[in-house]
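The block underneath contains the structure these notes are about, expressed in structure tokens.
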Amino acid sequence: MDVITDLHQHVLWGLDDGPSKPETTYAMLHEAHDQQISRIFATPHACPGLEPFDKGLYRERLAQAQQYCREHKLNLTLLPGAEIAWSYNTLAALRQGHVPTLGDGDHALIELWPNVTWPEVQDIAQQLLRAFYTPVFAHVERYRCFVWQPETAIRLREELSVCYQLNASSVLDHTGPMTRRFVSRMLGAQALDAVASDAHNCTSRPQRLAQAYEELINRCGNEYAAKLVSFQGART
């Protein structure tokens, strides 16, 4: 396995509830290097229509982190992106370039709300697909309809060609029985597209992606485990 990709990480400081100072960003970059993570999509929260997203500041912080990796010879590629909350204004924000897609490509990391319904998920997916964006639904194990109806999740993914991202912590931690059942069913059906850290710091919400990768190998085998940590959907 040459390239481990963290599709979802809040690594840039001063943008959201991730790092509040540059030193934490730098510590996270060293931690990623130590875990042999090669690519990170820097994905702060973006809430179109609800909170302003300072794209200029985002690009500045991304460039600073990239420069830090070069100066300290960290074998890390940092790529643009955002965890974009779905709202009435999300599609317009994407079309107008106000929020970054994954790798500036056609895949968008989309955050839903915990009690989202299946008709709403389907409608959101279809709106994005009609606009030529492929939704990557973030941490799908947090959405009640997914957890309680994994077969519907599997079918929707097949019918619409959307992508699902799972958090590394849900592979490793003792979650509730329904979440464990959901994760096992989705892994067994190979119906997940990425496992990512959703890291916010090095303490309470660390990366743990390398550890999750080892667990995925044990549960799913080398080939599918490698696919889950080497997301190829977003252009670089």
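Just so you know, all these numbers are worked out from the coordinates, no wet-lab data involved. Small disclaimer: the values here were computed from a predicted structure and weren't measured. Quick reminder, even Gly has a Cβ in these numbers, built from the backbone with ideal geometry, and neighbours come from all protein chains shown.
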Open item on the list: Can you work out the Karplus-derived ³J(HN,Hα) for every residue in region 203-211? Use 6.51 cos²θ - 1.76 cosθ + 1.60 with θ = phi - 60°, whole Hz, and x for glycine or proline.
Closed with: 10, 6, 9, x, 6, 6, 6, 5, 5
Open item on the list: Just checking my list (i) 18.7, 56; (ii) 19.4, 62; (iii) 16.7, 48 against Rg and Dmax of the Cα atoms in Å computed from this structure; which label fits?
Closed with: (iii)
Task: region 28-89 and region 110-182: distance between their alpha carbon centers, rounded to Å - done: 23 Å
- [ ] Work out the charge dipole of region 4-228 with +1 on the Cβ of Lys and Arg and -1 on the Cβ of Asp and Glu about the Cα centre, then indicate which of Thr152, Leu109, Ala194 is farthest towards its positive end.
- [x] Thr152
TODO: Once you've got the GNM for the chain with C-alpha springs shorter than 10 Å, pick whichever of Ser197, Ser38, Ser161 has the biggest mean-square fluctuation.
DONE: Ser161
Open item on the list: Run lengths n ≥ 4 of DSSP H only: what is the helix-derived mean residue ellipticity at 222 nm for the chain, with -39500 (n - 2.57) per run over all residues, to the nearest 500?
Closed with: -12500 deg cm²/dmol
Open item on the list: Quick one: 3J(HN,Hα) in Hz for region 213-222, Karplus 6.51/-1.76/1.60 with θ = phi - 60°, rounded, Gly and Pro as x.
Closed with: 4, 4, 5, 5, 4, 5, 8, 10, x, 4
Open item on the list: Running a GNM on the chain with Cα contacts under 10 Å, which residue among Gly105, Gly14, Gly176 ends up with the highest mean-square fluctuation?
Closed with: Gly176
Task: GNM result for the chain, Cα springs below 10 Å: residue of Leu76, Leu15, Leu160 fluctuating most strongly - done: Leu160
